[in-house]
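Working notes for the structure below.
Nothing in this text is a laboratory measurement; each read-out follows from the coordinates by a stated rule. This is a predicted model, so every value here is computed, not measured. All Cβ positions, even for glycine, are placed from backbone atoms using ideal geometry, and neighbour counts span all protein chains on display.
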Amino acid sequence: MATRGGFSSRLGFIMAAAGSAVGLGNIWGFPYEVGQGGGAAFVVMYLIFCFVLCYPVMVTEIAIGRKTEKNPVGAFNALGFKKWNFVGKMGIFSGFLILSFYNVIAGWAFGYVYEMAIGNFAIADHFSEFVQDVFKVGAYGMLFMATTAFVVSKGISGGIEKAAKFLMPSLLIMILLIVGYSLTLPNAMDGLKFYLIPDFSKLSSEVIINALGQAFFSLSLGMGALITYGSYVNKKENIVSAAAFITLADVGIAVLAGMMIFPLIGFMSGGTMDGVGSGPGLIFVTLPQIFGTIGGTFGAIAGTLFFVLLCFAALTSTVSLLEVPVAYVVDEKNVRRSRAVWLVAGAIFLIGIPSLLGNGYSDFFSNFITYPGSETATDFLSFIANVANDTLLPLGGCLIVFFAAHIWKKHNLDEELSHGAPNYKGSFLQKYLNFAVGYLAPAVLGFIFIITVLKTYFGVDIF
Ligand code: TRP
């Protein structure tokens, strides 16, 4: 452990892993997916996926990481199944893709710190111009990537852990304050109804695919990020309870983000919920408006503080995304950490350029692909998000649990999980996890993966 570094405390790991999970996915992604995916019906699917399928995947990832003390590729090798390390390689590839577009959105959030500070609430109406100013938002993105690289270069306990411990609780408080405010606004209840009362006629294969992708993305699963974080975890740590806490924290913040956004949309639309499906720009349009209604210096302070904290939430996530390929290059290719960090970060920034250009600046990347059976074109950023979040992550998760239960074998997984959890063996949770990891998760994830590929890339909808 000494040369690789490790988390200095129990709380440090939980905070860092929760920091990885909580990010733009919760505050930017979740409300926009709910808005597009039919409201509460999406929320219900998302919750089921998180607790029933994703929690077992999370436990498995952390256990593999702690057992092997390796990056996702090295982990499969270390367990003696070199043939399976393609799962780790696929994870590293997914991480590249995700960070490349994630950093673009983080750049927007970063830019909004300045806009709020100068009281430019009218940016709500100029969001599309803002994202087309590619040199400006590109510079913000570059700064964001550089900050991420700086934190990762400081190593595990020095950088990642310290930042997360203090920032996560601050974000939670800020969100609670905004939730409190937005619930008092006129028509807030129309927003809540959309958000919380399910209309199951809205369920479709698309809603299911997006809800699963969102669950994986939000919990940072399916690409070995938690194998990597798990590799820095102490044997005394109770993995099953840590994973439960991380899942609850992540789902909790996403649910609160919805409680913050949907009443605001109810208020601004006078109860019609117009604009709720507006897509990736959702929080960048609604939130400045709300800080505008608070107005003046106080609105500017609240807006600035919110986007500063959002940037920090994004940072603890980008750090985990960058950590995975860096750990791989450091462990397997014997590159010095500091050098690996800057090389990988630079490469990912470059891969992100089409995602940066595809928001109206470049016609080609803005209308990058038209899926079979669809009338409208999809931009590059959304395309990459579909490939990574909705396709590769659930596939990765499916292969990881299948591997753990049937190749590495369940009794080895159980053995690893019982370190730090003396009552685990023989418990109901153990029985459930054995069933979920062995059968339920591989079957359901495999099935949804097939539906996803057919529907998204071939336009065949079997429902
Ligand atoms: N979970 C983060 C979010 O919600 C994003 C993220 C960080 C991620 N690390 C990941 C997603 C690993 C998938 C895999 O913002």
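Quick look at the values:
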quantity: The stretch 99-116 - phi-based ³J(HN,Hα) in whole Hz, Karplus 6.51/-1.76/1.60, Gly and Pro as x; calculated: 4, 4, 8, 4, 5, 5, 5, 4, x, 4, 4, 4, x, 5, 4, 5, 4, 5
quantity: Calculated diffusion of the stretch 52-110, Stokes-Einstein form, Kirkwood radius summed over Cα pairs, 25 °C and 0.890 mPa s, µm²/s; calculated: 189 µm²/s
quantity: Straight-distance crosslink candidates among aspartates and glutamates, where the alpha carbon sits under 17 Å from Lys165 and sequence neighbours closer than 8 are dropped; calculated: Asp250
quantity: C-alpha long axis of helix 393-402 to longest principal axis of the chain, angle in °; calculated: 20 degrees
quantity: Cross-link partners of Lys235 among lysines (Cα-Cα below 20 Å; sequence separation of 8 or more within a chain); calculated: Lys67, Lys70, Lys409, Lys410, Lys425
quantity: Length gained when the stretch Leu47-Lys162 is fully extended (0.36 nm per residue, less Cα-Cα span); calculated: 38.4 nm
quantity: The stretch 10-458: Cα Rg divided by the 2.2 N^0.38 Å rule of thumb; calculated: 0.93
quantity: Rounded to 10°, Cα long-axis angle of helix 239-268 versus longest principal axis of the chain; calculated: 10 degrees
quantity: Order by protection proxy (mean Cβ within 10 Å, highest first), peptides 260-272, 216-228; calculated: 216-228, 260-272
quantity: Compactness of the stretch 173-277, expressed as Rg and Dmax over alpha-carbon positions, Å; calculated: 17.5, 54
quantity: Distribution of pairwise C-alpha distances over the stretch 1-145, 5 Å bins, in %; calculated: 2, 7, 10, 15, 16, 16, 13, 10, 7, 3, 1, 0
quantity: Cα-projected label distance for Ser201 with Asn412, points at 7 Å along beta-carbon direction, nm; calculated: 5.2 nm
quantity: Cα coordinate range in the stretch 392-448, projected on the principal axes (Å, largest first); calculated: 34, 19, 17
quantity: Residue range of the chain that is longest and free of trypsin sites (Lys or Arg not before Pro) which are both DSSP loop and sparsely packed (at most 12 other C-beta within 10 Å); calculated: 1-234
quantity: Label point distance in nm, Leu177-Lys83, each placed 7 Å from Cα along Cα→Cβ; calculated: 5.7 nm
quantity: Cut-off under 5 Å, modelled amide H: who pairs with Ile369 long-range; calculated: Thr378
quantity: In sequence order, calculated HN-Hα J values of the stretch 40-46 (Karplus, 6.51, -1.76, 1.60; Hz; x Gly/Pro); calculated: 4, 4, 5, 4, 4, 4, 4
quantity: Cα long-axis angle, helix 205-218 against the chain (0 to 90 degrees, to the nearest 10); calculated: 70 degrees
quantity: Charge sum, other residues only, whose C-beta stays under 14 Å from Thr272's C-beta, Lys/Arg counted +1 and Asp/Glu -1; calculated: -1
quantity: Neighbourhood charge, 9 Å Cβ-Cβ cut-off, centred on Asn210 and excluding it, Lys, Arg +1 and Asp, Glu -1; calculated: -3
